[in-house]
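Below is one structure, written out as structure tokens; the observations come after it.
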Amino acid sequence: MKTIGLTLLTVTLTALALAACGGNGGSGGDAANGATGGSAGNPGAAGANQEAGASNGKGGANGQNGTTDADAGGNPPSSGGKQTIVFSVFWPNKQYEEAAKAYEAAHPNVDIQLKYGLSRPYSDDGGDGEQTDADIEKFTTATNAAMLAGKGPDLLDLRYLAAEDYERHHLLEDLGARMNGDKSFRKADYFANVLGAGQNETGPFSIPLTFSLSGMVGDRAAIAATGVKIDDGAWTWDGFMAAGRQLVAAKGKYDSAIVSGEGMMVGGPDYFVRGVVADNYGSFVDEAGRKASFDSPAFTGLLERIKAMIDEGVVGSGGRAYFTNVTIQSPTDYLTSLRTFGDDTAFYVKPHADGAGKGASFETGSDIGINAGSEAKDAAWDFLKYMMDHTAIGLPVNKARFRDAVASLKRQGTITPDALGPLHGTPFKVDGARLDRLEGFAEGAARKKRDSGKVLDIVAADSAAFFAGQKSAEDVAKLIQNKATTVLHE
């Protein structure tokens with residue numbers, strides 16, 4: 001489901017304010033967010049809300065409180081003399097509810113009202129996809145209108161919402177200023193690169209509670225047998241191409257260095273280039289500044305390198321290879337991914353585009369923002385800090401919660417994977433030494449990944465002509481640049 005931008009609202013700001021005033025002025029928004037990644041019908045994607053539909057707290061997590069009254073919340077009425085914080089989320093989230101309940105117990109003068117956008121319970125087996133899409137559109141449209149009208153909830157989980165547009169219109173609180181001005185806040189307690197992922201000259205304007213890592217699982221034994229030395233610490237696509245050629249020339253276990261795809265799924269050249277751009281999105285797109293840089297030697301060179309790798313068999317189109325693209329969503333997922341592709345495997349950092357940061361790419365989830373027009377900003381910030389320190393979704397941004405999750409998995413001792421997955425539910429022992437290396441990858445995370453959006457769709461669609469030999473890299477780059485610029489200014 002695409003994010004609905006503010007510019008799609010065709011009525012004037014005055015009309016929006018009038019429309020918003022006609023809603024339920026005391027309830028705040030169902031505007032929502034579970035986390036980034038995934039589609040409207042799949043709340044469980046990369047770092048996403050893993051508790052969707054599983055809770056049944058006072059916020060209406062069973063989906064029955066899914067009215068789209070997102071026009072209120074910026075100045076909510078007091079509840080028996082209490083300070084009210086309206087927290088708007090699309091997917092019901094048990095961890096949010098537990099955090100709210102615990103925070104209220106410690107702060108009796110605060111009342112946290114969770115407002116959900118989902119109108120009915122969701123089930124992977126029997127979810128109503130059309131209704132969910134309708135709920136998302138209703139929720140995003142109402143939330144955009146409310147925010148533009150100076151209303152809206154106090155706290156927002158920004159999934160499905162036009163966060164960049166909110167930022168441009170100064171509708172979100174500068175959380176960088178909040179962090180810098182709060183003597184009780186210790187940035188060292190969090191993964192710094194992930195925490196500042198939304199930062200430009202100011203900001204960030206949202207803070208993620210969780211993230212996922214994008215990398216590759218390599219067959220370490222098969223690579224060692226070829227004698228090819230792999231240094232993923234700082235390699236670019238030139239370095240990967242050189243190593244890949246050596247792996248292919250070695251005539252070892254696999255025919256290709258890497259397969260175009262993710263995990264067990266295989267894609268074509270368009271999928272591969274889309275994935276590379278997604279991992280290095282910030283190198284080619286500045287959404288806050290509404291600028292793209294596809295008509296550049298960096299991008300045309302990238303296209304030519306990818307085509308050369310495909311033509312030479314470095315990038316395969318099927319079967320297995322020395323490396324496989326994966327997304328790591330949790331400590332359990334990390335070990336399961338390694339186990340899926342062999343007994344002697346390792347996690348490797350993906351190559352980066354020229355000029356991009358070294359280290360793994362990452363995608364944030366449960367990105368939380370504070371309404372700049374809220375009269376409960378101080379209380380909302382205090383509760384946001386509490387959630388950062390007391391929630392453990394996926395890979396937590398809080399280092400202590402991250403280490404807790406790792407320690408808990410070690411105590412568990414074994415992992416029983418999904419019976420329907422490639423391991424067929426066969427239990428395996430937790431490898432503590434491998435698990436200990438995960439934090440190093442998290443510490444080194446350097447590039448924020450963008451896994452969905454119109455710009456990436458354009459890259460995939462229009463690059464196909466280059467890979468088919470119908471257009472030059474320069475012509476395709478110009479076409480993508482023009483289309484991307486148009487989308488960024490919508």
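So, in segment 382-408, how many residues would count as being in contact with a helix residue (DSSP H, G or I) (Cβ under 6 Å, 6 or more places away or on another chain), surrounded by fewer than 20 Cβ atoms within 10 Å (Cβ to Cβ) and farther than 27 Å from PHE347 by Cβ?
Result for segment 382-408: 2.
Among the residues of segment 400-454, how many are over 30 Å from HIS489 (Cα atoms) and either in the same structural domain as VAL273 (by TED's automatic domain parsing) or not charged (D, E, K, R) (or both)?
Of the residues in segment 400-454, 32 are over 30 Å from HIS489 (Cα atoms) and either in the same structural domain as VAL273 (by TED's automatic domain parsing) or not charged (D, E, K, R) (or both).
What is the residue count in segment 406-457 for residues that are part of a helix (DSSP H, G or I), among the acidic types (Asp, Glu) and within 15 Å of SER330 (Cβ to Cβ)?
Total satisfying the criteria: 1.
Regarding GLU164, is this residue of a type outside the set (Val, Ile, Thr), within 18 Å of GLY369 (Cβ to Cβ), assigned to a helix (DSSP H, G or I) and at pLDDT below 90?
Here the answer is yes, as GLU164 does meet what is asked.
Since GLU490 meets every condition but one in (1) loosely packed, with under 15 Cβ neighbours inside 10 Å; (2) more than 23 Å from the chain's Cα centre (by Cα); (3) at negative phi, which condition does it not meet?
Among (1) loosely packed, with under 15 Cβ neighbours inside 10 Å; (2) more than 23 Å from the chain's Cα centre (by Cα); (3) at negative phi, the lone unmet condition for GLU490 is (2).
Among the numbered conditions (1) at pLDDT 95 or above; (2) part of a loop (DSSP other than H, G, I, E, B), tell me where ASP255 comes up short.
All conditions pass for ASP255, except number (1).
Do you know which residues across segment 458-487 are within 30 Å of PHE191 (Cβ to Cβ) and either surrounded by fewer than 15 Cβ atoms within 10 Å (Cβ to Cβ) or in contact with a strand residue (DSSP E or B) (Cβ under 6 Å, 6 or more places away or on another chain) (or both)?
Scanning segment 458-487 gives a single hit, ALA484.
Conditions: (1) of a type outside the set (D, E, K, R); (2) over 12 Å from GLY369 (Cβ atoms); (3) surrounded by fewer than 24 Cβ atoms within 10 Å (Cβ to Cβ). VAL86 meets all but one. Number of the miss?
For VAL86, the failing item is (3).
Go through segment 174-227 and give me each residue that's assigned by TED's automatic domain parsing to the domain that holds SER256 and of a type in the set (Lys, Arg).
ARG220
Which pairs do you get when a residue that is of a type outside the set (Gly, Ala, Ser), found in segment 169-197, comes within reach of a residue that is part of a loop (DSSP other than H, G, I, E, B) and loosely packed, with under 14 Cβ neighbours inside 10 Å, reach meaning Cβ atoms under 8 angstrom, with the pair 6+ apart or on two chains?
ASP174/THR202
Just need a number here: residues in segment 305-337 that are within 21 Å of ARG274 (Cβ to Cβ), assigned to a helix (DSSP H, G or I) and among the charged types (D, E, K, R).
Qualifying residue count, segment 305-337: 3.
Would you check which residues across segment 458-490 are closer than 23 Å to PRO351 by Cβ and free of Cβ contacts under 8 Å to residues at least 60 places away in the same chain and list them?
Within segment 458-490, ILE458, ASP462 qualify.
Looking at segment 232-249 only, could you name the residues that are of a type outside the set (A, V, I, L, M), in a helix (DSSP H, G or I) and either crowded, with 19+ Cβ neighbours inside 10 Å or not assigned by TED's automatic domain parsing to the domain that holds SER260 (or both)?
Correct list: TRP237, PHE240, GLY244.
Given the structure, is ASP344 among the acidic types (Asp, Glu), touching a residue at least 60 places away in the same chain (Cβ under 8 Å) and more than 30 Å from HIS489 (Cβ to Cβ)?
Taking the combined requirement at face value, the residue satisfies it.
I'm trying to understand the selection: among the residues of segment 412-446, which are exposed (fewer than 11 other Cβ atoms within 10 Å of the Cβ) and among the charged types (D, E, K, R)?
ASP418, LYS429
The values are calculated or read from the model by the stated rules, or taken from the named source; none is laboratory data. Just so we're clear, the structure is a prediction, and the values are computed from it rather than from any experiment. We place every Cβ from the backbone using ideal geometry, glycine too, and count neighbours over all the protein chains shown.
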